[in-house]
Amino acid sequence: MKHFKVKKSCEKNSAHYFIKHKNSVIAQAFLVGDALEDLWVHPDYRRKGLATELMSELMKDSSDIPINLLPVDEERIGIDIFGFYAKFGFVINETGSMDYEPQRCKI
Ligand SMILES: CC(C)(COP(=O)(O)OP(=O)(O)OC[C@H]1O[C@@H](n2cnc3c(N)ncnc32)[C@H](O)[C@@H]1OP(=O)(O)O)[C@@H](O)C(=O)NCCC(=O)NCCS
């Protein structure tokens, strides 16, 4: 598989993680404050690991800060998106969305 490089544009309270191909953004995610928003991969590039690459980079930068996922309608998305985020340490919260809480000790 072709390797796509994750790029970042960071401001004081927000970060934009993205992957470009032929000058177009084909995958992206935003961290605004502690909210993870709009993880998206262009339909032609799905199932190639791009969302995984974006999330891996984002979590590398954020492993010691809490992150809230904006409410997600798993039924509408139609894939096991909670399972996807769980791989990065997110757990379902009382509102039915997911959060990432840093751990002092990684088991
Ligand atoms: C959800 C989304 C970001 C996944 O992007 P992607 O680059 O295709 O994801 P990856 O290739 O990294 O896949 C990671 C894992 O997610 C799961 N997954 C992703 N797409 C899937 C599908 N269509 N069906 C079943 N499982 C799927 C699989 O477990 C996959 O791992 P695998 O390929 O090893 O089986 C993309 O489908 C998308 O942009 N959807 C529309 C927007 C959206 O719903 N965003 C999520 C908001 S919370």
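Only the coordinates and a few stated rules stand behind these numbers; no lab work does. Note that the structure is a prediction, hence the values are computed from the model and not measured. Positions of Cβ are generated from backbone atoms using ideal geometry, with glycine treated the same way; all protein chains shown enter the neighbour counts.
On full extension of the chain, what length is gained from D80 through R104, given 0.36 nm per residue of separation minus the C-alpha to C-alpha distance?
5.9 nm
Can you compute the helix-only [θ] at 222 nm over the chain? Use -39500 (n - 2.57) per DSSP H run of at least 4 residues, normalise by all residues, nearest 500 deg cm²/dmol.
Computed ellipticity for the chain at 222 nm equals -5500 deg cm²/dmol.
Compute the normalised compactness of region 7-100: alpha-carbon radius of gyration over 2.2 N^0.38 Å, N being the residue count.
Computed over Cα atoms of region 7-100, the ratio equals 1.05.
Describe numerically, in nm with one decimal, the distance between label points set 7 Å from Cα along Cα→Cβ at V25 and at T52.
So the label points at V25 and T52 sit 2.4 nm apart.
Could you give the dipole magnitude of the chain about its Cα centre, charging the beta-carbon of Lys and Arg +1 and that of Asp and Glu -1, in debye to the nearest 20?
800
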